[in-house]
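As structure tokens, the structure follows; a few thoughts come after it.
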Amino acid sequence: MNDSSDQIGQVADSLLRIEIELRQLGLWEAEPPSPEALQSTQPFCIDTLEFTQWIQFVFVARMKVIIENDHPLPAVSGIAPMAEEHFRGRPESGDSLVRELEEIDRLLSGN
């Protein structure tokens, strides 16, 4: 197996773990947000979506399409710091989710 397909496998596994963490936090949503909300031009759709909705409906969804269609993976990812900020001061702990996002950031950035 070459490095690229190995990386894709690791990223796919990481996406699954991110989904599991969102489900365990009770933050995985059955209904997608409105198409308008997903059209936001703000980083992370910060004006229209909760950060966890952005992870589910934008990041995970896009990454799955990239992997399924054999497109090149993004070379840079910096989601974990946003997640840390999102969960700061909230009753639920996002620590496990933040760790998974740190992992995918590391995999995509090649560190």
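The values are calculated or read from the model by the stated rules, or taken from the named source; none is laboratory data. Everything numeric in this text was worked out from a predicted model, so none of it was measured. Heads up, the Cβs are rebuilt from the backbone with ideal geometry, glycines too, and the neighbour counts pull from every protein chain shown. We work out accessible area using only protein heavy atoms, side chains counted, and drop any ligands, DNA or RNA first. Shrake-Rupley method; radii C 1.70, N 1.55, O 1.52, S 1.80 Å.
Assorted remarks:
- Percentage relative contact order, the chain, counting C-alpha pairs under 8 Å, at least six apart: 31 percent
- Paramagnetic reach from GLN42 in segment 70-111 [backbone N under 16 Å; point 7 Å along Cα→Cβ]: 82-83, 85-87
- Interchain or long-range residues, amide H under 5 Å from TRP28's placed H: ARG23
- With helices as the sole contributors, the chain gives -16000 deg cm²/dmol at 222 nm; each DSSP H run of n ≥ 4 counts as -39500 (n - 2.57), and the sum is divided by every residue.
- Debye, to nearest 20: dipole size of segment 60-111, +1 on Lys, Arg Cβ, -1 on Asp, Glu Cβ: 100 debye
- Net charge of neighbours whose Cβ lies under 12 Å from the Cβ of ILE8, counting Lys and Arg as +1 and Asp and Glu as -1: -4
- Rolling a 1.4 Å probe over the protein heavy atoms gives the chain an accessible area of 60 Å² per residue.
- Each Lys and Arg Cβ is given +1 and each Asp and Glu Cβ -1; about its Cα centre, the chain then shows a dipole of about 60 debye.
- Karplus (6.51, -1.76, 1.60) ³J(HN,Hα), θ = phi - 60°, over segment 51-57, in Hz, Gly and Pro reported as x: 4, 5, 5, 4, 4, 5, 8
- Between ILE20 and GLU85, the contour length at 0.36 nm per residue exceeds the alpha carbon distance by 21.4 nm.
- Apolar share of the accessible surface for segment 37-111: 50 percent from carbon plus sulfur atoms, 1.4 Å probe.
- For the chain, the Cα-based Rg and Dmax, in that order, read 13.9, 43 Å.
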